[in-house]
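Asks: Take a look at this one; I'll ask things after.
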Amino acid sequence: MADSPPVSEIPYTVRRSARARRVRVNVHAHTGVEVVLPARAPERAAAAAVSELRPWIERRLADVQEALARIAARAGTVPYLGMPLELVPQAGRTRVHRTGVRLLVPDGDPRPALERFYRRAARAEIALRLDCATALAGSAYSGLDIRAQRTRWASCSASGRMSFNWRLLLAPEYVLEYVVWHEVCHLEILDHSPRFWALLQRRWPSWREDREWLRRNGATLVL
């Protein structure tokens, strides 16, 4: 009986993190499989994690390929809270400027300038929704940061400081509003206990569908 063909290896990169408490595997749209190791973990822990999680990694890689195909299909546009904006390259331009449904962008690779544009826009779009949601909830937050987190869409600290991923502006508006309400509920309940989910259910009843959209489509939220 012939031997079974060897299982092909999954390429991955390793990143050590002083903050990591356990081995974690991430699958990113553009950089592939990344294994995050705690500072003192042995190097072999990365290979073991990839081997153990192989079926999940292969499913995620298939999702990523589908996401990349959808990104390529944008054909000269980028999404902005559910609306496609046309990219219009202009020689000599260094800063993105929006005019209606058109974005005037630098000629060549516009992604660095686009990210700066989305970061600026995210602060205004998210602050507006946070102020509205906290006013309705009767709560208050202590500050707002716009970041490019690798594995989180948003977070709320014990002191009430909010942090949001600018890439949420690439999602439909209702998804951004779901994430805002998720974090506003954390101002009252920091954990994900049944009390938290019951509070979110009262304040944003469609949270399950919106969370599922983010889970399935999060890999497409890139420039």
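The values are calculated or read from the model by the stated rules, or taken from the named source; none is laboratory data. Nothing here was measured: the structure is a model prediction, and the numbers come from that model. Every residue, glycine among them, receives a Cβ derived from its backbone with ideal geometry; neighbour counts consider all protein chains shown. Note: accessible area is taken over every heavy atom of the protein model, side chains too, but ligands, DNA and RNA are not part of it. Shrake-Rupley method; radii C 1.70, N 1.55, O 1.52, S 1.80 Å.
Asks: Once neighbouring chains are kept in place and the probe is 1.4 Å, which whole percent of the accessible area of the chain is contributed by carbon and sulfur?
Replies: Details: 6800 of 12900 Å².
It is 53 percent, rounded to a whole number.
Asks: What percentages make up the Cα-Cα pair-distance distribution of the stretch 121-210 when the bins are 10 Å wide from 0?
Replies: Pair shares across the bins are 18, 56, 26, 0.
Asks: Further, regarding this structure: Give the accessible surface of the chain per residue, rounded to a whole number of Å², with probe radius 1.4 Å and ligands, DNA and RNA excluded. Write down the numbers at each step before the final one.
Replies: Numbers: 12900 Å² over 223 residues.
About 58 Å² of surface per residue is accessible.
Asks: Using the beta-carbon distance between Tyr174 and Glu58 and R0 = 30 Å, what value does 1/(1 + (r/R0)^6) give for FRET efficiency, to the nearest 0.05? Let's see the in-between values first.
Replies: Working: r = 31 Å, r/R0 = 1.03.
Computed FRET efficiency for Tyr174 and Glu58: 0.45.
Asks: Per residue, how big is the convex hull of the chain when only Cα atoms are used? Give it in Å³.
Replies: Working: hull volume 39.5 nm³, N = 223.
Convex hull volume per residue, Cα atoms: 177 Å³.
Asks: Taking the Cβ of Leu61 as the centre, find all other residues whose Cβ is under 14 Å away and add up their charges (Lys, Arg: +1; Asp, Glu: -1). Before the final figure, lay out each step's value.
Replies: On the way: positive: Arg54, Arg59, Arg60; negative: Glu9, Glu34, Glu58, Asp63, Glu66.
Counting the neighbours of Leu61, the net charge comes to -2.
Asks: Further question on the same structure: Under the 0.36 nm per residue contour assumption, what length would be gained going from the current alpha-carbon distance of Gln65 and Arg216 to full extension?
Replies: Working: separation 151, 0.36 × 151 = 54.36 nm, distance 1.25 nm.
Here the segment from Gln65 to Arg216 would lengthen by 53.1 nm.
Asks: Next up: In angstroms, what radius of gyration and Dmax does the stretch 44-174 have, counting Cα atoms only?
Replies: Rg then Dmax for the stretch 44-174, in Å: 18.4, 53.
Asks: Still on this structure, please answer the following. Of Val23, Val64, Val78, which is the most mobile in a GNM of the chain whose springs link Cα atoms less than 10 angstrom apart?
Replies: Most flexible of the set in this elastic network: Val23.
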